[in-house]
Amino acid sequence: MKEQQVVLMLGNEAIARGAIEAGVQVATAYPGTPSTEILETLSREARRYGMYVEWSTNEKVAFEVALAASYCGLRSLTAMKHVGVNVASDALFSSAYTGVRGGLTIVSADDPSCHSSQNEQDNRLYGPHAYIPVVEPSSPQEAKDITVYSIELSELHKLPFMLRTTTRLSHSRGPVKLGAVPERKRIGRFERSPESFVCLPVNARRMRAKLVEKLKSVEESFNNSPFNRVLGDGRLGVIACGLAYSYVVDALRLLKIDDKVSVLKISTLHPMPRPLLKSFLEDKEKVLVVEELESFIELQVKALCHDMGLHIPIQGKNLIPLVGELTPLRVVEGLAHFLGLKLTLSSTSPESLTLQPPPRPPILCAGCPHRSTFYAIKQAVKRKGVDAIFPSDIGCYTLGYYPPFELVDTTICMGAGVGLSCGLAKFSGKFVIATVGESTFLHACIPALINAVHNTSSFVLVVLDNGVTAMTGHQPNPASGYNAMGQRVKPVLPEDIAKACGVSFCRVVDPYNIEETVTCIMDAIEHVKQGLGPAVVVARRKCSLLLLRESRRGEIKLSKCVVCEELCKGCMVCIKTTGCPALIPRGSRVIIDANACTGCGLCEHACPYNAIRRM
Amino acid sequence: MNVFQVDLVISGVGGQGVLTLASLMGTAAIIEGYDVRVSEVHGMAQRGGSVICHVRYGVNVNSPLVMEGRADAIIAMELSEAIKAASYLKKGGIAIVNRLEFPPPLSTIRGLKYPTVEEVAEMLQSKASQVYLVDAQSIAEKVGSPLLANVVMLGAAWSSGCLKLNRDSIIQSIKQHFKGGLVELNVNAFEEGIKALSTK
């Protein structure tokens, strides 16, 4: 890819390109939708640009590694999903106090509408809370340009910057014109300065006063930002940020009123450049703020109007939905209401269609080893006759929530399943069987497992180990045995960790051996029942998507399951007990999609008529 | 003033190559010098769930999402997923549907109804000026792999006239996306998709 070339880029790829153009030398992340492709892109390009890239154990570590690089004078970037910032936040708050040396940008990829998340928190609010500047792009091109801008300003003002993106921007493609990549590399050097880096109370008090001053100078920079601009000169005002701005521009054109309305597009969200806002507000009759999620800008504009003694109506969340992501239709409706226009669009909401599509939630893939593990847990619970509950966690296996398994009773945040199990084992009156993937286990479960041993909480923990962080697209984790730079490294295995935590029952099974897995889980249940402390079962088998890819490349040969037509009674028990998408009903029989089947043999185990064979 | 703009919505099931299909269109539009937005679905939703992708290109495009009731055409990679895209279709638009029937396992477990081809076609005809049903799966298998069904649908879409892109731009886009022997396979799939519609 060359300078000046125009490339169709994903928002996240554009952020990665921005990091390269900004001379970022260290990039870190823990994978999480919708942020993952940023580091994935950088990990592919790392060698070419002499960059150090790592998938860290969790977001806090990712942030700390990037912060360390910045302390050493290197430009760095760390990317995470919105809830990942919660994990990193302890370090984030203090990093504002110490400030940075090399430019440091933390990318927060928010997820309005919870496409792939447990909540829709608005991370712009970290700006005022943690005293860090926040910027937000509104197109893939700007995603690249604002990444460069944030790194440069971060270094100028010696503060970490947050770049906020959302799912729709991170995962939408647009043309991006490439810029130059700097040739010169810096050498990292840590110069000791304890009074700058040690947040002892004596230093922290001084740091806070300095921090407040720093933010004032950031506001001055933001007031001249090339990424804020005013379109049109009507006396009706609209203020928008992020993708909401793109919806506003299209909506005004659609409503044919783009000449009557003046739009302030704002990309610097904290601290808000007040002089710029003031000059925009001065001659307005009324203003609508269009923003995704919270009324972040709206409240600041209202406060500013109060200070200016300006009595104009400021509208926002009364017309623009608070819940769920914005869409072109939602913005058109809000704008039409604000302008007193009647909508005559021939739109059809999904409800008004006569035909209803069958629900198709995401499911475990064909041959997924987690399916076999859930199946075995169900069998073991039945055979042991225990009254069990099933805390779980965040990953592909959260899909065990859906029928036919329904073995996910809680999902809160990364690692919460084990912490909750410590409490549930004591207070629920039920037997507790928790599930967690190996990546989440290593991310956030280790202190909780130590707690279980130390405070004598007894439960079965099944670690579903498929060797990669699968849900986000197969990134390596410490159990994988290789890293983001493609180096072979010593794997950190969940069973070794469990043993080191003091767990006396630690066994590893292959979930494709169904009977062996059932027996192992039954043994674990017995261990816990006898009061011998928590038991850990590691169900290890490579992700079936990887198995399929290897087989398509001819690297391995997979056996396939086939249905014997004469024996199949069409009872659908195979589908009803496994939910495997390779099993397809055809008339009164079942056929198996050979392209999807990995030959795991679960349907063979489930079929009451021995009509399915592994070949 | 009417400025040139094409709004498309593509639906299907995770794993069917909906994203690749959208990306091929986006790149072809860039080749022709248009402004482009493609909205994708990543992460959890991709695991065998419904996937819906928006593609917009033209002189000045901002939003990555198509507005309900304003898509010039919808392209569905699976029969029942056409219903989800249908709310985006404008009156008089074009619908191109892969005849593939893939009932979600959940509806088999719960005993839910799966729509018939006739029901889907009838619903689409109430809005669309033209509805094309394509047997993309078997065409793809004849070309070499069922995984080529998405590019067969690309050929069918081009043939319907809804893309308003040059055939050569799409072939160039295919050449940029794939490597080695996959280029020829995908170009063949595209050409077979074109024939599938023109021979009707």
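The numbers here are math on the coordinates, done by the rules we state, and not lab data. Keep in mind it's a predicted model, so treat the numbers as computed, not measured. A quick note on method: Cβ atoms are made from the backbone with ideal geometry, for glycine too, and the neighbour counts reach across all protein chains shown.
Annotations for the structure displayed:
- The mean count of C-beta atoms from other chains within 10 Å of the C-beta of residues in B:14-26, rounded to a whole number, is 2.
- Backbone amide hydrogens, once placed in the peptide plane, bring A:Ile591 within less than 5 Å of A:Ile584, A:Arg586, excluding anything fewer than 5 places away on its chain.
- Derived scalar couplings ³J(HN,Hα) [the range B:129-138; Karplus, 6.51 cos²θ - 1.76 cosθ + 1.60; whole Hz; x for Gly, Pro]: 7, 9, 10, 10, 9, 10, 8, 5, 5, 6
- J(HN,Hα) series, the range A:209-217, from Karplus relation 6.51 cos²θ - 1.76 cosθ + 1.60, nearest Hz, glycine and proline x: 4, 5, 4, 4, 5, 4, 5, 5, 6
- Between helix A:369-384 and chain A there is an angle of about 50 degrees, using the helix long axis and the longest principal axis of the Cα atoms.
- Between the range A:258-277 and the range B:118-145, the Cα center-to-center distance that results, in Å: 47 Å
- Cut-off 12 Å between beta-carbons: net charge of the residues surrounding B:Val66, Lys and Arg +1, Asp and Glu -1: 0
- Residues A:Cys445, A:Cys396, sorted so that the one with the fewest Cβ neighbours within 10 Å comes first: A:Cys396, A:Cys445
- Here the residues A:Phe222, A:Phe190, ranked from fewest to most Cβ neighbours within 10 Å of their Cβ, fall in the order A:Phe190, A:Phe222.
- Nonlocal Lys pairs with alpha-carbon distance under 17 Å, the range A:6-223 (8 or more apart, or different chains): 5
- Computed [θ] at 222 nm, helices only, for the protein assembly as shown once each DSSP H run of length n ≥ 4 contributes -39500 (n - 2.57): -12000 deg cm²/dmol
- Among the lysines of the range B:5-198, pairs that are 8 or more positions apart or on different chains and have alpha carbons within less than 19 Å of each other number 8.
- Rounded if a/c under 1.5, otherwise prolate or oblate - the protein assembly as shown, Cα gyration tensor axes: oblate
- Working note: Karplus 6.51/-1.76/1.60 with θ = phi - 60° gives the range A:33-44 the couplings 5, x, 9, 3, 5, 5, 6, 4, 4, 5, 5, 5 Hz, where Gly and Pro are set to x.
- 10 Å Cβ neighbours from other chains, averaged over peptide A:169-179: 5
- Mean Cβ count within 10 Å, highest first, over the residues of peptides B:59-72, A:206-219: B:59-72, A:206-219
- Amide H to amide H, with H built 1.01 Å from N, B:Ala76 comes under 5 Å of B:Ser11, B:Ile96, B:Val97, B:Asn98, counting only residues 5 or more places away or on other chains.
- Stretching A:Gln5 away from A:Arg189 to a fully extended chain increases their span by 62.7 nm, per 0.36 nm per residue minus the current alpha-carbon distance.
- Between 0 and 90 degrees, the angle of helix A:82-98 with respect to the longest Cα principal axis of chain A falls at about 50 degrees.
- Distance between the range A:19-57 and the range A:93-159 - C-alpha centres, whole angstrom: 16 Å
- Neighbourhood net charge (12 Å Cβ-Cβ; Lys/Arg +1, Asp/Glu -1) for A:Asn477: -3
- Separation in nanometres of the label points that stand 7 Å from Cα toward Cβ, at A:Arg507 and A:Ala68: 3.9 nm
- Other protein chain Cβ atoms within 10 Å, averaged over every residue that makes up B:95-108: 5
- Shape of the range A:467-608, Cα gyration tensor, a/c cut at 1.5: oblate
- Proximal lysine pairs, the range A:369-550, alpha carbons under 19 Å, eight or more residues apart or interchain: 10
- Residues with amide H under 5 Å from that of A:Lys286, placed H, sequence gap 5 or more: A:Gly237
- Oblate is the label for the range A:10-56, because a/c, from the alpha-carbon gyration tensor with a ≥ b ≥ c as root eigenvalues, is 1.5 or above and a/b does not exceed b/c.
- Peptides B:173-185, A:571-583, ordered by how many other C-beta atoms sit within 10 Å of their residues on average, highest first, read A:571-583, B:173-185.
- Relative to the longest principal axis of the Cα atoms of chain A, the long axis of helix A:416-427 lies at roughly 60 degrees.
- Between the range B:1-25 and the range B:27-106, the alpha-carbon center distance in angstrom: 5 Å
- Other residues lying with their Cβ under 13 Å from the Cβ of A:Glu220 contribute a combined charge of +1, Lys and Arg counting +1, Asp and Glu -1.
- Check: chain A dipole with +1 on Lys, Arg Cβ and -1 on Asp, Glu Cβ, in debye: 820 debye
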